[in-house]
Ligand SMILES: [Zn+2]
């Protein structure tokens, strides 16, 4: 096979299915036949607006960065026995030589080449090449969908690590979208004993309760300030300014706030509150070294990402997959099958 289909963003709200050559794996790379791609909010944002902050789509770009598949080719220097291996693709390859990479913080590498972040093409295509070390083998107990969704699961793992969630933690999660829902499950797996999830969408709150939240708050009915919760860790997964500030203000002394949702530079934070309580505030930017943990959590059944999937789409219907969450309040995570 020399050509493949790819879902290419050609402009704002212009998605085309194009015939493209199958890429050749370079030295140290593998070729992955992509079997499942999860739709992320960032894909939808690029589709709707053509940009996220400083990242602007200036020429056609293949979308997609949550992907699982099978190794279908190896480049020079890669063990040929990896052919046929089922893998989950970690979609950002850093330069592995800069001070951040050498310090182990490769997610902060300034030369990161991240799938579906301009100008790098993503994985919403029949095949994709990636550094062999970033194609993580998965056991047979992990489905193709789950292999793809180890990427958002990694965001949840990283959020819990940054928040130092551990046995006995009391965690507040604002936002019950896919990231809030994986963060809920990760918090439980990390040992949190109180996991309160806040959102406006009753369906998603129900899902959060099913996946391990010990309590849920519908902020349409009960403001966070009146919910009586006093967490030791806030995992802010909504990016909503009100949720961020209100969530911060519930925090106990010497607690931690982890900003995972995409925020707004103009948001005024309650600095006196933060200072007088010695609250630590940190952002998260993707993740580093999370796949081994994500694979173990999914393979052991401690985290269930398959239950987040609310729709499957062939590649030709990628646009419908992108729009599903906006059109249907019951939709959580769309998965596209590039081989269909
Ligand atoms: Zn680097």
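Readers should treat all values here as calculations from the given coordinates under stated rules, not as data from a laboratory. Note that the structure is predicted; figures quoted are calculated from it, not measured. Neighbour counts run over all protein chains shown; Cβ positions are idealised from the backbone, glycine included.
What the table shows:
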quantity: Relative contact order of the stretch 155-283, pairs being alpha-carbon contacts under 8 Å that are 6 or more residues apart, as %; calculated: 23 percent
quantity: Relative contact order [Cα under 8 Å, 6+ residues apart], the stretch 143-213, whole percent; calculated: 32 percent
quantity: Cα-based helix-to-principal-axis angle, 178-189 vs the chain, degrees rounded to 10; calculated: 70 degrees
quantity: Rel. contact order, % - alpha carbon contacts under 8 angstrom, at least six apart, the chain; calculated: 18 percent
quantity: Folded to 0 to 90 degrees: helix 318-327 orientation relative to the chain principal axis, Cα; calculated: 10 degrees
quantity: Pairwise label distance in nanometres, residue 166 with residue 209, each label 7 Å out on the Cα-Cβ vector; calculated: 3.2 nm
quantity: For peptides 307-313, 107-113, sequence by mean Cβ density within 10 Å, most packed first; calculated: 307-313, 107-113
quantity: Separation between Cα centres of the stretch 50-103 and the stretch 132-169, rounded to whole Å; calculated: 16 Å
quantity: Full-extension gain in nm, residue 282 to residue 141, via 0.36 nm per residue minus C-alpha separation; calculated: 47.3 nm
quantity: Largest-first principal axis extents, alpha carbons of the chain, Å; calculated: 60, 41, 38
quantity: Additional length obtainable on full extension of the chain from residue 339 to residue 18, 0.36 nm per residue less Cα span; calculated: 114.2 nm
quantity: Label point at residue 267 placed 7 Å out along Cα→Cβ; residues across the stretch 204-244 whose backbone nitrogen lies under 16 Å; calculated: 224-225, 233-244
quantity: Cα long-axis angle, helix 144-162 against the chain (0 to 90 degrees, to the nearest 10); calculated: 40 degrees
quantity: CD proxy at 222 nm, helix term only [per DSSP H run n ≥ 4: -39500 (n - 2.57); per residue of the chain; nearest 500]; calculated: -7500 deg cm²/dmol
quantity: Radius of gyration and Dmax over the Cα atoms of the stretch 155-283, both given in Å; calculated: 12.9, 37
quantity: Mean Cβ count within 10 Å, highest first, over the residues of peptides 211-218, 183-190; calculated: 183-190, 211-218
quantity: Peptide ranges 58-69, 252-263, 196-207 listed from the most packed, as the mean C-beta count within 10 angstrom indicates; calculated: 58-69, 196-207, 252-263
quantity: FRET efficiency for residue 58 and residue 96, using Cβ-Cβ distance with R0 set to 22 Å, rounded to 0.05; calculated: 0.25
